[in-house]
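Below is one structure; the comments refer to it alone.
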Amino acid sequence: MTAFGNAGASFTVISILSGCLTMYGFGMATGGPEVMMWGWVAVGFMVLFVGAGLAEVTSAYPTSGALYFMAHKLGGKKWGWYTGWLNLLGLVGAIAGIDYGCAQFVSAFLNLQFGIVASPISTFVIFLAVLLLHAVLNLQGVRLVSVLNVVSVWWHLAGVALIVGALTLVPSHHQSASFVFTRFVNDTGFGSTWYVALIGLLLAQYTFSGYDASAHLSEETTNAQVAAPKGIMRAIVWSWGAGFVLLAGLTFAIQDYTATQHADVPPAQIFHDALGPEAAKALLLVVIVAQLFCGTAGTAACSRMIFAFSRDRALPGWHLWQRVSDGTPKAAVWLSVGAAAVLVAPSLYSATAYGAVTAINVIGITPAYAIPIFLRIKNRHRFEPGPWNLGRWGIPVGVVAVAWVAFVTVLFCLPQHAPITIGTFNYAPIALVAVLAAATLRWLLAKRTYVVPAGRTARDLADLEREVI
C-alpha cells in the first residue's frame, strides 16, 4: 500500500457516510441537533488526542498485530493479551455496525424503488448478503482492497459534496441556524438533560473509530513507520471536517422533525422530503456504495488482526486462522464476517440492538487504543519513539487521551433508553464481560504457548510483506 492508500483505509473505516447517517436517528432522540453538531466538534477534538497518542506508538511498532503487539512490547504478555481481545471485540463490532447500517439503507432504497416494506428478518438477510460480499472482496487480496480504499476517499468526499450541495440548493425551506445549533430533543425516557446529552455523544464517538486500520495494515504499507501514523491523523482530520459539513447539511434540510425522527431510516426521509423520491434514491445509492467501501476496509483490518493474533497462538483454533492461502488469510476473513453475524443476531427481536452494537464497537476498540498509550506513559523511560513522534508533548497528549477513553468507555455501558426492557436493554456491557471472561479462560489455558515475536527487523517485515498480501 502507498501512504495515501493506508490513510484511505482508516478514512474508509471511519466512513462518515456510514457512521453519521446510520446513527442519525439515534442522535435525533438523544439530544437532537444541538448535541449532534456540538458533540461532533467536541468528540472530534478529543479523538485527535487519542489518534496522536496511538500514531506515536504505531510509528515505533508498525505490525499487523498493532495494538496488542504495542501493549506487549511496552507492558508484557498479559497486557498484550487483553488488549488483543478488546481490539478484536471492537473490530468485529465495527463490521457488524457498518454492514447492518448498510442493510438498513438498502432496505430504504428497496422501499422507495419497489415498495418493499422492511422487517427485522429481511434486513438481517440483506445484512448477511453484505457480509458475504465483503468476504468475497477481501479474499481477492490487499491490492484490490488498497485500490478500493483510494477510490473510497474520493467517493466519500464527492458524496458529501453532492449530498450537502443538493440539500442546500434544492429545498425551498431550510431550518434556521438556531434550530440546527441550539435545538435540544430528549426522546429517551430519561429526565436528566446532561445524561441524555452525554449518551448522544455515541453518534460521534462511534463514527470516530476504526482509524487503527492504518496500524493493522502497516506490514503491507511502504515506509510504514511514517505512513501509518500519518494515515491515522489524516483520516481523523479529514473525517472531522467533512462530517461536520454533512451533519449540518442534513439538519438544515429537515422538513418535519417528528416524521423524520420516527422514520425507519431518518436520512432517507430527509432526502425524500427535501428532494423528492427520485433524487432520494440516487443519494441513497451514493451512501450505500460508501458503506460498502467502509465494510470492505473494516473486514480487511479485522482479518489482519485475527491473523496476527493467531500467528501468536492467542485464539482458539489458531492453526486454522493463521493460514495464508494465495497471499491472503482467508480463514481469518470468514471468521471476521461470521462473528459479526452472531453479534447482530439480537436485532431480530430488539429494536434498539443497533445502538448496542455500536456501543460494543466503542467500548471494545476505544480502550484498546488507550492501553498502548497508557503503557507508553507508564514506561516512558524505555519507550523508543519512531520517526513520527510527539516529542515533549507525548506525555500530556497521552494523559488526555487515556482520560477521555476511560470516560467514554463507562459512558457507553450505561442504559440508552428508559424504561429498561428486553427490547431497550443495552447489551454492550454483557458482550464486554463475556469477551473478558473468554480472554481470561483462554489465558489460563494458553499462556504458556502464547508467544509474541520479540521484534520486527527489516528482514522480518520483508518476509511478512511477501507472506501476507
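Each value in this text was obtained by applying a stated rule to the coordinates, not by laboratory testing. Keep in mind the model is a prediction, meaning the values are calculated, not measured. Don't worry about glycine lacking a Cβ; one is built from the backbone with ideal geometry, like all the others, and counts go over all protein chains shown.
Quick notes on this one:
- Alpha-carbon centroid distance for the pair the stretch 299-333 / the stretch 210-269, whole angstrom: 27 Å
- Take the Cβ atoms of VAL399 and LEU128, set R0 to 51 Å, and the FRET efficiency comes out at 0.75.
- Options TRP240, CYS20, LEU169, ranked by Cα towards positive dipole end of the chain, top entry (Cβ charges): TRP240
- The lysines within cross-link reach of LYS230, meaning a Cα-to-Cα straight distance under 22 Å and a gap of 8 or more places when in the same chain, are LYS73.
- Separation of alpha-carbon centers, the stretch 19-33 and the stretch 97-113, rounded to whole Å: 16 Å
- For GLN255, the amide hydrogen comes within under 5 Å of no other amide hydrogen, counting only partners 5 or more places away or on other chains and with H modelled in the peptide plane.
- Each peptide in 7-20, 69-82, 266-279 gets a packing score, the mean of other Cβ atoms within 10 Å over its residues, and the list from highest to lowest is 7-20, 69-82, 266-279.
- Label point distance in nm, SER172-ALA438, each placed 7 Å from Cα along Cα→Cβ: 5.6 nm
- For the stretch 181-193, 3J(HN,Hα) per residue [Karplus equation, 6.51 cos²θ - 1.76 cosθ + 1.60, θ = phi - 60°, Hz, x = Gly/Pro]: 10, 10, 6, 10, 10, 10, 10, 9, x, 8, x, 7, 5
- Nonlocal amide H pairs with THR328, under 5 Å, H built at 1.01 Å: ILE469
- Screening the chain for whole DSSP H helices of 20 Å or more along their axis (Cα) with average Kyte-Doolittle hydropathy at least 1.0 returns 32-60, 120-138, 142-169, 224-252, 277-311, 330-344, 353-378, 394-411, 428-446.
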